[in-house]
Amino acid sequence: MNPEVEEKITPLRIYRKTISSKKRKFAFELLSLIVILSAIILTGNFFLIWLTSLALIYSSLTLSWAFMEDMGGRTSLGHTIPFGLSAYLSAILLILTKRPESVLFSWIAAGMVSAIIFYILSRIDRVGFVFITFIVGASAWLISPLILLKVNGELIGGEEGFSIFTISLERIYIISSTFMILLFAFFSLFSLNYRSLVFKAMRDDEKAARASGIKIDRLKLYISIISCIPASISGGLYALLFSHVSPDSFSIHIAIFPFIASVFSRDESLSGRIVGSFILVFISNYMNSLLPESYLLLYAAILILSPRIVRMRFFRMEILGG
Amino acid sequence: MLKLRDVSKKFNSLMVLKKINLDIRTGETIGIYGPNGSGKSTLLKILSGFTKPSCGKVFINDRDITEMPAEKRAELGIAYAFQIPRPFERLTVFENIYTTSLLRSDPEEAAIKTEELLYQFELSDVSDSIAANLSQGEMKLLEICRSVATQPDFLLLDEPFAALDKENARVIRRKIRMLRSMDMGIVITAHRSRILEGLVDRIMKIEYGILNRE
Amino acid sequence: MAVSFISVISSTIFLSIFAVAVSLNFRIARFLNLSHGSIYALGGYISFFTFSLHFNAFLGFLTSAVFSFITGAILFLLVKKIGKNLLEATIISLGFGIGLEEILRLTNRTGYYLIIGENVIPTDLRENLNFLIFLLVFFFLLAIYRSQTGIKLKFIEEDSTLAEIYGVNTEKYALLCTGFTSSIIASLGFINSTSQAIFPAIGWSPLISGILIAAFASIFRTTGFLHYLRISAVALVYSLILSFII
């Protein structure tokens, strides 16, 4: 081999080359996403736009969930806490104050409250974290029908939930697509930045990270905040899309949605998770048209088979070297 | 100087360490050997901050660090290499070292240091491999290399030769010799004294939680 | 006051049984069985058909117990085939539970809420039956833990891998345990759903309470029969707190 060429292939060059190729891939994915989402709104097809808005909201939830998984190594089955809390808080504040800008406050407030809950829960070990987030999320689902408001002498809420004002579908679509694109860009660029390495180190081994001098408690707090606030905004958008909030915002099927949408995607692939979310929303809708809510059977089947699917994914990764 | 003063450790009713006193100076290499369950790993865990002593004190340059957690001790210059390697599994070998180097230097400098370390530890050929896919010997090297990347004053190597074949043990031995020239205090634990001969400045035996000079 | 006292006691009995089943499954079969909520609903649906179609109540009860035992055993086989650890097994059980819930919903489309028309099991009798199940479960556990099998069970609770190394057939006990706990839960569902509207998600609320009680009781780190007695004590405190809140 030519010694000059050999000299050039250094570990640092290989690393930089890998990062550059990942950045090019990200740019391509981002551009494709913008083109596809623009094309959808140009069709003017009401149902397609509505369904895509829903898929965008679910994708945002999945991306926020994935941040906790990819950076903190924590699988949450309780992302319905920020999602549902924000939906409820937005609805309640809108009803009480009748000021649209109150939703912004409720998104941030619900996100911060959830971040504190998740930060406290993240002190438990990883297996325990899955259980406890599930239990807290499911408890919120069971308690939510007890939320009642007295407006003009009339009790509202409970199982029925709250109805809020309607905003145009185009507006919701634009907000949710912009939000999802920003989220995708932020998380992707963060993952490619050297600063994400300490998070990934903690994700892989908390004890080894501590031995290296990484302050894991601080990182856990950042992860909780960065993951919960977007999940909370997704919940708020969900409420606006349906113009209604009910205990369903905390339901188990929303809690497991990000997990299921991520089962088939490659390790740390955010685009794969978006595609997974879109496929799930569109298939669910198709199955719904055949037999209402039969999509939950699909969720059940994926959950049951998930360990095997994930193992196959890792096996492929090892064989093909990433 | 890293010091232990009257350190004891009790697990339930079992006394694992009994009134240990130890001074480790920078530039000095100490070997501690003893059978399984003698307290070697517990001793290193107390020095690194992963275990708190039941009584006694730990000092670094006369500063009491007994209650200080492991991550803060790492900042103060105490590095710990685990007996069973614990790499950041989904990161590449380069990223494993780079992550640790980043905590001490700016990104450019850390990248150069990482590359240097990879060459020194003969890991440059596998720099873009995922850490989980490394062989046992390579993982041990990575574990020690990552500890060195923290630029420590004191390096604690918990049984670096455990579960290695002769060839890999020889490589590790060579690397420890290289580390001795780096002006840091090194503590190495092992099952037998023979493996430590020619590698350390002083050898100590630990048995039933009592540390004795050879 | 007296009514409140009775309701606390009956709630304690009900939640004790549920939490014992959750805990037993966790300790012997080594996973948190999240399908218990759906199995409770299964018992409720069998009860609905038994009473609506005027079948023999005892036979209905027996069908519910046997059918849920088989359902639990199927879940265990799935867990054994697909899951490799506690977390995977728990996620499989969640999928299994959701699947079961949806099958119940899709096969009973006459209405989301099903109500058994008449007061087929009077309140007193229902509470007595709950108490009977409670006594049966605890006497059964006492008898088991005092026998040779109990020593093996304690061994599994403390260290399942070590128990296996020493020749205990852990899989057999895990299979029987998953089936047995499913039977208990379905029996509870069969009896108690006669007083309420039946719907597929009916079991989530007692399941979450059961998990919380079992989790609090596990803080005491006891094994064997004593652990299950502690669960009852925690269930009593839990019911008292609930009666104050609600």
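Restricting B:GLU108, B:GLU115, B:GLU122 to residues that are within 8 Å of another protein chain (Cβ to nearest Cβ) and either more than 29 Å from A:ASP267 (Cβ to Cβ) or surrounded by fewer than 24 Cβ atoms within 10 Å (Cβ to Cβ) (or both) narrows the list to B:GLU115. Out of A:VAL275, A:VAL310, report the one residue that is open to solvent by 50 Å² or more (accessible area, probe 1.4 Å) and either without any contact (Cβ under 8 Å) to a residue 60 or more places away in the chain or closer than 20 Å to C:ILE92 by Cβ (or both). It is A:VAL275.
Screening A:PHE105, A:PHE83 for residues that are more than 14 Å from chain B (Cβ to nearest Cβ) and in contact (Cβ under 8 Å) with a residue 60 or more places away in the chain leaves exactly one candidate, A:PHE83.
Would you confirm, using the coordinates I've provided, whether C:ILE198 is touching a Gly at 6+ places or on another chain (Cβ under 7 Å) and either of a type in the set (S, T, N, Q) or within 14 Å of chain A (Cβ to nearest Cβ) (or both)? No: the conditions fail for C:ILE198.
Conditions tested, residue by residue: (1) within 14 Å of chain C (Cβ to nearest Cβ); (2) not aliphatic (A, V, I, L, M).
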| position | (1), (2) |
| --- | --- |
| A:SER212 | no, yes |
| A:TYR222 | no, yes |
| A:SER249 | no, yes |
| A:ALA301 | yes, no |
| A:PRO307 | yes, yes |
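Looking only at residues in the range C:80-105 that are over 21 Å from C:TRP204 (Cα atoms) and more than 7 Å from chain A (Cβ to nearest Cβ), the one that is least open to solvent (accessible area, probe 1.4 Å) is C:ASN85. Being under 22 Å from the mean Cα position of the chain (by Cα), under 22 Å from C:ALA233 (Cα atoms) and not hydroxyl-bearing (Ser, Thr, Tyr) is a description that applies to C:LEU136.
Would you call B:ARG173 in contact (Cβ under 8 Å) with a residue 24 or more places away in the chain and touching a Leu at 6+ places or on another chain (Cβ under 9 Å)? Spelling it out, B:ARG173 is indeed in contact (Cβ under 8 Å) with a residue 24 or more places away in the chain and touching a Leu at 6+ places or on another chain (Cβ under 9 Å).
Looking at (1) open to solvent by 10 Å² or more (accessible area, probe 1.4 Å); (2) more than 14 Å from chain A (Cβ to nearest Cβ); (3) assigned to a helix (DSSP H, G or I); (4) under 28 Å from B:ARG104 (Cα atoms), which one does B:ASN168 not meet, given that it meets all the others? Only one criterion in (1) open to solvent by 10 Å² or more (accessible area, probe 1.4 Å); (2) more than 14 Å from chain A (Cβ to nearest Cβ); (3) assigned to a helix (DSSP H, G or I); (4) under 28 Å from B:ARG104 (Cα atoms) is unmet by B:ASN168, namely (4). Helices (runs of 4 or more DSSP H) fully within the range A:1-72 that include at least 1 residues being at pLDDT 95 or above: A:11-43, A:46-72.
For the residues B:ILE97, B:ILE46, the requirement of being crowded, with 20+ Cβ neighbours inside 10 Å, of a type in the set (Val, Ile, Thr), in contact (Cβ under 8 Å) with a residue 12 or more places away in the chain and within 12 Å of chain A (Cβ to nearest Cβ) singles out B:ILE97.
Taking the numbered list (1) in contact (Cβ under 8 Å) with a residue 12 or more places away in the chain; (2) closer than 17 Å to B:GLN120 by Cα; (3) of a type in the set (Gly, Ala, Ser) in turn, B:ALA162 passes all entries but (2). Of the candidates C:PHE216, C:PHE244, the single residue that is away from every other protein chain (no Cβ under 14 Å) and farther than 28 Å from C:ALA57 by Cα is C:PHE244. Only a single item in (1) without any contact (Cβ under 8 Å) to a residue 40 or more places away in the chain; (2) under 30 Å from B:ALA131 (Cβ atoms); (3) away from chain C (no Cβ under 14 Å) is not met by A:ILE283, and it is number (2). Condition (residue is more than 14 Å from chain A (Cβ to nearest Cβ), assigned to a helix (DSSP H, G or I) and within 23 Å of A:LEU305 (Cα to Cα)) applied to the range C:50-60: is it met by at least one residue? No.
Tally the residues that are at the interface with another protein chain (Cβ under 7 Å from one of its Cβ atoms), open to solvent by less than 50 Å² (accessible area, probe 1.4 Å) and more than 21 Å from B:ILE176 (Cα to Cα), restricting the search to the range B:82-94. Number of matching residues: 2.
If you go through the range A:283-298 and keep only what is on the phi < 0 side of the Ramachandran plot and loosely packed, with under 15 Cβ neighbours inside 10 Å, you end up with A:ILE283, A:TYR286, A:ASN288, A:SER289, A:LEU290, A:LEU291, A:PRO292. Checking each residue in the range C:215-230 for being open to solvent by 10 Å² or more (accessible area, probe 1.4 Å) and in a helix (DSSP H, G or I) picks out C:ALA215, C:PHE216, C:SER218, C:ILE219, C:PHE220, C:PHE225, C:LEU226, C:LEU229, C:ARG230. Pull up the range A:178-210, narrow it to residues that are without any contact (Cβ under 8 Å) to a residue 24 or more places away in the chain and facing another protein chain (nearest Cβ under 7 Å), then point me to the one that is nearest to A:LYS22 (Cα to Cα). My answer is A:TYR194.
Yes or no: A:PHE83 exposed (fewer than 12 other Cβ atoms within 10 Å of the Cβ) and of a type in the set (Phe, Trp, Tyr)? Here the answer is no, as A:PHE83 does not meet what is asked. Answer yes or no as to whether A:SER289 is in a helix (DSSP H, G or I), modelled with pLDDT under 90 and away from chain C (no Cβ under 12 Å). Yes: the conditions hold for A:SER289.
Among the residues making up the range B:70-81, those that are at negative phi and either buried (at least 24 other Cβ atoms within 10 Å of the Cβ) or more than 7 Å from chain A (Cβ to nearest Cβ) (or both) are B:LYS72, B:ARG73, B:ALA74, B:LEU76, B:ILE78, B:ALA79, B:TYR80, B:ALA81.
Using the structure shown, decide if C:ILE156 is buried (at least 18 other Cβ atoms within 10 Å of the Cβ), assigned to a loop (DSSP other than H, G, I, E, B) and in contact (Cβ under 8 Å) with a residue 24 or more places away in the chain. Considered against the rule, which asks whether it is buried (at least 18 other Cβ atoms within 10 Å of the Cβ), assigned to a loop (DSSP other than H, G, I, E, B) and in contact (Cβ under 8 Å) with a residue 24 or more places away in the chain, C:ILE156 comes out as no.
The values are calculated or read from the model by the stated rules, or taken from the named source; none is laboratory data. Small disclaimer: the values here were computed from a predicted structure and weren't measured. As a convention, Cβ positions derive from the backbone with ideal geometry for all residues, glycine included, and neighbour counts pool all protein chains shown. Note: accessible area is taken over every heavy atom of the protein model, side chains too, but ligands, DNA and RNA are not part of it. Shrake-Rupley method; radii C 1.70, N 1.55, O 1.52, S 1.80 Å.
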